[in-house]
Amino acid sequence: MSAEMTWFVGMRECTAGAASSRCFDDLVRQRGSGHAEEIRDLAVRKRRRSRSLWPNSPGKDMTVIVEAMLLAAGVPEAEVPRLARQYRSSTGASVDLSEWR
């Protein structure tokens with residue numbers, strides 16, 4: 001099971017919870033580590049948009065919520081809530097994100 005993760009974008013320390021970490025792990029497996037890191041960093045820039053679209057999402061103390069990771073990965077807004085629920089309820093099951101780029 002993935003735990004929280006911490007990384008730096010420039011000088012900014014960023015954090016993500018277990019659901020976002022599982023999403024990142026899937027992206028590494030499905031798209032490679034370099035692409036997954038680009039998506040993770042893009043998720044930081046999409047964090048305000050994801051918070052405005054899904055204001056009641058868990059993870060208020062995290063820089064990035066799984067919804068931002070999914071948006072950054074190219075998942076359409078209409079699909080994000082369903083996949084976010086899968087990541088939050090999952091105990092490690094992989095989600096196929098190959099449909100979206």
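Just so you know, all these numbers are worked out from the coordinates, no wet-lab data involved. Note that the structure is predicted; figures quoted are calculated from it, not measured. Virtual Cβ from ideal backbone geometry, glycine too; neighbours counted across all protein chains shown.
Compared with the alpha-carbon gap, the fully stretched path from Glu79 to Trp7 is longer by 23.3 nm at 0.36 nm per residue.
Sequence-ordered 3J(HN,Hα) estimates for the stretch 33-38 from the Karplus curve with 6.51, -1.76 and 1.60 and θ = phi - 60° stand at 5, x, 5, 4, 5, 4 Hz, glycine and proline given as x. Summing +1 for each Lys or Arg and -1 for each Asp or Glu among the other residues whose beta-carbon sits under 15 angstrom from that of Leu27 gives -2. Per-residue ellipticity at 222 nm, computed for the chain from helices alone with -39500 (n - 2.57) per DSSP H run of at least four residues, works out to -15000 deg cm²/dmol. Amide H contacts under 5 Å for Val9: Cys14, restricted to partners 5 or more places along the chain or on a different chain, H placed in the peptide plane at 1.01 Å from N. Legend: Rg and Dmax of the chain, from Cα coordinates, 12.0, 33 Å. Each residue, Ser94 and Asp61, gets one label point 7 Å from its Cα in the Cβ direction; the gap between the two is 3.2 nm. Sequence-ordered 3J(HN,Hα) estimates for the stretch 7-16 from the Karplus curve with 6.51, -1.76 and 1.60 and θ = phi - 60° stand at 8, 10, 10, x, 9, 8, 7, 10, 10, 8 Hz, glycine and proline given as x. Only Cα pairs under 8 Å and 6+ residues apart enter the sum, and on that basis the relative contact order of the chain stands at 31 percent.
Of the trypsin sites (Lys or Arg not before Pro) in the stretch 1-82, the ones in a loop by DSSP (not H, G, I, E or B) with at most 13 other beta carbons within 10 Å are Lys60.
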